[in-house]
Amino acid sequence: MAIQESGEMYLENILILSKIKNPVRSIDIAERMKFSKPSVSRAVGLLKSNGYIEVDPFGAITLTESGMKIASDIYERHTILSQVLMSLGVSENAAVEDACKIEHYISEETFEAVKKHIREHGKENAQGVN
């Protein structure tokens with residue numbers, strides 16, 4: 001089942017939050033994404049019903065295996081695309097914002113070609129490519 005861009009954004013933000021905060025709760029997601037609590041509650045319900053996250057009785061949110069896979073893939077795309085854009089001279093703010101848009105639409109083929117190019121030709125600012 002394909003996940004929508006908004007779902008990918010939620011999963012990516014849950015992953016990021018889990019690296020800096022444990023446990024992750026709906027309020028943390030709302031604050032980070034600047035969304036209303038009702039919007040986040042609805043999204044959390046959808047992500048839970050689709051098997052991407054689990055929510056314990058105390059409201060702690062964790063990614064399932066499938067949720068972690070999607071979140072990790074999107075986060076990798078975001079990180080690498082941001083680094084590539086900055087290595088081209090794009091400001092950090094613009095690079096991060098543009099990478100956030102591109103990460104959801106770039107094909108796997110194109111993204112793999114970007115990673116291959118960086119591995120083969122390297123860019124000092126485009127580190128961390130697997």
Is it the case, given these coordinates, that SER87 is modelled with pLDDT of 95 or more and either within 27 Å of ASN22 (Cβ to Cβ) or of a type in the set (Ser, Thr, Tyr) (or both)? no
Given the criteria closer than 27 Å to GLU108 by Cβ and either touching a strand residue (DSSP E or B) at 6+ places or on another chain (Cβ under 7 Å) or among the aliphatic types (A, V, I, L, M) (or both), does ALA30 qualify? no
With criteria (1) loosely packed, with under 14 Cβ neighbours inside 10 Å; (2) at pLDDT 95 or above; (3) within 20 Å of GLU76 (Cα to Cα); (4) not hydrophobic (A, V, I, L, M, F, W, C), LYS21 comes up short on (2)
For segment 24-38, name all the residues that are within 23 Å of GLU103 (Cβ to Cβ) and surrounded by 14 or more Cβ atoms within 10 Å (Cβ to Cβ). VAL24, ASP28, ILE29, ALA30, ARG32, MET33, PHE35
Could you check segment 83-103 and list, in sequence order, the residues that are surrounded by 16 or more Cβ atoms within 10 Å (Cβ to Cβ) and either under 12 Å from the mean Cα position of the chain (by Cα) or not small (Gly, Ala, Ser) (or both)? GLN83, VAL84, LEU85, MET86, VAL90, VAL96, ALA99, CYS100, ILE102, GLU103
For ALA43, are the conditions met, namely being in contact (Cβ under 8 Å) with a residue 24 or more places away in the chain, assigned to a helix (DSSP H, G or I) and small (Gly, Ala, Ser)? yes
Members of segment 8-32 that are in contact with a helix residue (DSSP H, G or I) (Cβ under 6 Å, 6 or more places away or on another chain), part of a helix (DSSP H, G or I) and not aromatic (Phe, Trp, Tyr): GLU8, LEU11, GLU12, ASN13, LEU15, LEU17, SER26, ASP28, ILE29, ALA30, ARG32
Closer than 21 Å to ILE3 by Cα, out of contact with any Gly (no Cβ under 7 Å at 6 or more places or on another chain), in contact (Cβ under 8 Å) with a residue 12 or more places away in the chain and in a loop (DSSP other than H, G, I, E, B): is that true of GLY51 in this structure? yes
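The values are calculated or read from the model by the stated rules, or taken from the named source; none is laboratory data. Given the structure is predicted, the values throughout are model-derived calculations rather than measurements. A quick note on method: Cβ atoms are made from the backbone with ideal geometry, for glycine too, and the neighbour counts reach across all protein chains shown.
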